[in-house]
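Questions regarding the structure given below will be posed in turn.
The values are calculated or read from the model by the stated rules, or taken from the named source; none is laboratory data. Just so you know, these numbers come straight off a predicted model, no measurement behind them. Note: ideal-geometry Cβ built from the backbone for every residue, glycine included; neighbour counts use all protein chains shown.
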Amino acid sequence: MLQSTSTVPTVQPAPPARSTRWLSAPADASTDTALRLRLLGERFHPGHWGWIVPLAVTVLAGLLRFLHLDHPHQLIFDETYYVKDAFTLLQSGVEMNWPEDHNEQFVAGDPQPQDTAEYVVHPPLGKWLIALGMAVFGADHGTGWRFSAAVAGTLSVLLTALIAQRLFRSVFLGGIAGLLLAVEGHHLVMSRTGLLDIFLSFFVLAAFGALLLDRVDGRRQLARRLGAAVARNGGAPPPSLMRYGPWLGWRPWRLVAGLLLGAACGVKLSGLAFMAVLGLMTVLWDMNARRVAGVRNWLRAGVTHDGLYAFVAVVGVGALTYLATWTGWLVTGHGYNRQWHETHPPEAWWQHLVPGPLRSLADYHRQSTQFHEGLASGHDYASSPWTWPFMGRPTSFYYEGYDDGAGGCPVDTCSAAITDLANPVIWWAGTLAVLALVLIWLGRRDWRAGAILGVYAAGQLVWFLWPERTMFFFYTIAYTPFLILAITLCLGYLMRFGRPANRRRNTVLVLAFVALAVAVSAFFMPVWTGEMIPYEQWRARMWMSSWI
């Protein structure tokens, strides 16, 4: 059953009598236990099923993502950029230019990059991850350049199942979340394609999971330290300590989150939006914990005792991680713009304190920012962020038509397509779930709804800052796991809606929704994996003209 992990509201201040009632407990081991119950609720013990169910849906996800991963045997959509960039990273440590129309030669196993550095606008980490698969399996077939994406997509399913299980305190709901993501077509296509965005999605999801662990660890530390102080003070709260509360000490999971968010930025700079939202979110969680514990100046303490350290852990560690992703560019010396500092000596006094390669890297980022702000080239599959919640214009990655039995087509006309089309039932239910979460957060002060909405907003709303920029639906993969979490939270509320006698019926409704989502995924599977089907069957799956 879905239940909150906190027994108090998370936004409205609690009355002083309620927030300090625990301090009147006897000075024994139960003092910090009582506070821990208020901060975290009862312990959740998933048992063996807590691993069996997530691993089961992960195996399913792996089968869907790795089977026939080398099909089609060609570079599709933006693989023409990122896969070839990954190859030159392996060879030279930086991205190099390629001759025009070199895809067929590359796929044939005869890559011949040029000896001049290429100007690229995305950081190198995602391409390094693609390169790892190519280093193991080779660069002359799709398994090599898509392997790392399939690994990231499969692990994302495992993380989603585990996060949902702990977030909603239910193995059943965790299994539903993992299953929905495992069969979701948008996530499946991006996990089977050598693009960057699945890595961004994975690192954001992993960072969120790390901050959830930090939330639990921080609240345990707060309960332990306040409980110990009360015990030392003869059962009464020390007034000086309760003014701001204790420092919560070492926060290793927050450092892990900073590293993961830095890695997300090292894939795409849109990771900065997630870093900002998640960094703020973890401080708000700490503020609320101090308020619930009875700390008088919890708002100021959240800034001085938590916020500054969180900034160092998330932004500081993230910045160092991001810089580390540019190691190949920094140490080789022949990357694009690498020697810019030699022809542009420092002018201001502080510029003399910055090493030349870092000044060159800063100018590289200046150019990249200008490129992204001015990117307005037309594209047949460009779409506005306004259309993304409704899946108005998914991206076609690959399409081949076959006539008169060519290529083994059993009828007059066949189609083989890979379309970045989400499962309509899941995607549209997710849009409704986001709206429901706004009401849940405002009406019930459910912190989980606020957390999911925050990450969703970071991935969706940031793109409205550049309305003229060319954008694509597949950018939404960064927050797709959180759309699944939004659905799962709503399903959990549905399961416990009404009288206890009706809850079995509600569970049947939940299972019916999941069964429908799986059935729809089976129906759309051919247009997610490039399977050859009769043209009429392909056309039957294009429910809107804008999907073609």
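Condition check ((1) acidic (Asp, Glu); (2) in contact with a Gly (Cβ under 9 Å, 6 or more places away or on another chain); (3) within 20 Å of residue 279 (Cα to Cα)) across all residues:
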position	(1), (2), (3)
183	no, no, no
194	no, yes, no
217	yes, no, yes
224	no, no, no
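Still on this model: Within region 462-484, count every residue that is touching a strand residue (DSSP E or B) at 6+ places or on another chain (Cβ under 8 Å) and closer than 20 Å to residue 203 by Cβ.
Our first condition is that a residue be touching a strand residue (DSSP E or B) at 6+ places or on another chain (Cβ under 8 Å); within region 462-484, this holds for 472-474.
From what's left, closer than 20 Å to residue 203 by Cβ: 472, 474.
Residues meeting the conditions: 2.
Where the second residue is surrounded by fewer than 18 Cβ atoms within 10 Å (Cβ to Cβ) and the first is basic (Lys, Arg) and lies in region 441-468, which pairs have Cβ atoms under 7 Å and are six or more apart or on separate chains?
Sorted first by the residue in region 441-468, then by its partner, the pairs are 445/9; 445/11; 445/12.
Within region 437-444, is even one residue out of contact with any Pro (no Cβ under 6 Å at 6 or more places or on another chain) and closer than 18 Å to residue 423 by Cβ?
Filtering region 437-444 for residues out of contact with any Pro (no Cβ under 6 Å at 6 or more places or on another chain) gives 437-444.
Next, only the ones that are closer than 18 Å to residue 423 by Cβ stay: none.
The answer is no; no qualifying residue exists.
Considering 79, 42, which residue is acidic (Asp, Glu) and surrounded by fewer than 17 Cβ atoms within 10 Å (Cβ to Cβ)? Before you say what the answer is, go through the steps one by one.
Details: 79 fails: surrounded by fewer than 17 Cβ atoms within 10 Å (Cβ to Cβ).
None of the other options fit; the residue is 42.
Given the structure, is residue 433 among the small types (Gly, Ala, Ser), outside any strand (DSSP E or B), at pLDDT 95 or above and in contact with a helix residue (DSSP H, G or I) (Cβ under 8 Å, 6 or more places away or on another chain)?
Numbers: among the small types (Gly, Ala, Ser): yes; outside any strand (DSSP E or B): yes; at pLDDT 95 or above: yes; in contact with a helix residue (DSSP H, G or I) (Cβ under 8 Å, 6 or more places away or on another chain): yes.
Answer is yes for this residue.
Here is a further query. Condition (residue is under 30 Å from residue 115 (Cα atoms), touching a residue at least 24 places away in the same chain (Cβ under 8 Å) and touching a strand residue (DSSP E or B) at 6+ places or on another chain (Cβ under 9 Å)) applied to region 56-70: is it met by at least one residue? Walk me through it before giving the result.
First, the residues of region 56-70 that are under 30 Å from residue 115 (Cα atoms): 70.
When the remaining residues are screened for being touching a residue at least 24 places away in the same chain (Cβ under 8 Å), the result is 70.
Next cut, touching a strand residue (DSSP E or B) at 6+ places or on another chain (Cβ under 9 Å) only: none.
Among the residues of region 56-70, not one is under 30 Å from residue 115 (Cα atoms), touching a residue at least 24 places away in the same chain (Cβ under 8 Å) and touching a strand residue (DSSP E or B) at 6+ places or on another chain (Cβ under 9 Å), which makes the answer no.
So that you can scan it fast, the table gives a plain yes or no per residue for (1) in contact with a Phe, Trp or Tyr (Cβ under 8 Å, 6 or more places away or on another chain); (2) part of a loop (DSSP other than H, G, I, E, B):
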{"site": "99", "(1), (2)": "no, yes"}
{"site": "104", "(1), (2)": "no, no"}
{"site": "110", "(1), (2)": "no, yes"}
{"site": "127", "(1), (2)": "yes, no"}
{"site": "131", "(1), (2)": "yes, no"}
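Just the residues that are surrounded by fewer than 20 Cβ atoms within 10 Å (Cβ to Cβ) and closer than 30 Å to residue 471 by Cα, please, taken from region 282-315.
Selection gives 315 alone.
So which of 223, 231 is surrounded by fewer than 20 Cβ atoms within 10 Å (Cβ to Cβ), in contact (Cβ under 8 Å) with a residue 60 or more places away in the chain and not β-branched (Val, Ile, Thr)? Show your work before the answer.
Values: 223 fails: surrounded by fewer than 20 Cβ atoms within 10 Å (Cβ to Cβ).
Selected residue: 231, the only one of 223, 231 that is surrounded by fewer than 20 Cβ atoms within 10 Å (Cβ to Cβ), in contact (Cβ under 8 Å) with a residue 60 or more places away in the chain and not β-branched (Val, Ile, Thr).
Sticking with this structure for a sec: List the helices (runs of 4 or more DSSP H) that sit entirely inside region 273-355 and contain at least 3 residues that are over 22 Å from residue 452 (Cα atoms).
Once the helices (runs of 4 or more DSSP H) in region 273-355 are filtered for at least 3 residues that are over 22 Å from residue 452 (Cα atoms), what remains is 298-301, 317-324, 327-332, 340-343.
Please pick out the residue among 346, 355 that is without any contact (Cβ under 8 Å) to a residue 40 or more places away in the chain, touching a His at 6+ places or on another chain (Cβ under 8 Å) and either acidic (Asp, Glu) or more than 30 Å from residue 35 (Cα to Cα) (or both). It would help to see each step written out before you state the result.
Details: 355 fails: touching a His at 6+ places or on another chain (Cβ under 8 Å).
Answer to the selection: 346.
Yes/no per residue for (1) in contact with a helix residue (DSSP H, G or I) (Cβ under 6 Å, 6 or more places away or on another chain); (2) of a type in the set (A, V, I, L, M); (3) in contact (Cβ under 8 Å) with a residue 12 or more places away in the chain; (4) more than 26 Å from residue 80 (Cβ to Cβ):
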| position | (1), (2), (3), (4) |
| --- | --- |
| 124 | no, no, yes, no |
| 127 | yes, no, yes, no |
| 149 | yes, yes, yes, no |
| 152 | yes, yes, yes, no |
| 197 | yes, no, yes, no |
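Could you check region 472-503 and list, in sequence order, the residues that are surrounded by 14 or more Cβ atoms within 10 Å (Cβ to Cβ) and outside any helix (DSSP H, G or I)? Even if it seems obvious, please write down each step before you answer.
Kept after step one, since they are surrounded by 14 or more Cβ atoms within 10 Å (Cβ to Cβ), are these residues of region 472-503: 472-496, 503.
Result: 472, 479, 496.
Which of the numbered conditions does residue 261 fail, given that it passes all the others? Conditions: (1) under 18 Å from residue 301 (Cβ atoms); (2) in contact (Cβ under 8 Å) with a residue 24 or more places away in the chain.
(1)
Also, I was wondering about something else. Considering only residues that are surrounded by 15 or more Cβ atoms within 10 Å (Cβ to Cβ) and in contact (Cβ under 8 Å) with a residue 40 or more places away in the chain, which ones fall in region 504-524?
If the condition is that a residue be surrounded by 15 or more Cβ atoms within 10 Å (Cβ to Cβ) and in contact (Cβ under 8 Å) with a residue 40 or more places away in the chain, then 510, 513, 514, 517, 518, 520, 521, 524 are the ones that fit.
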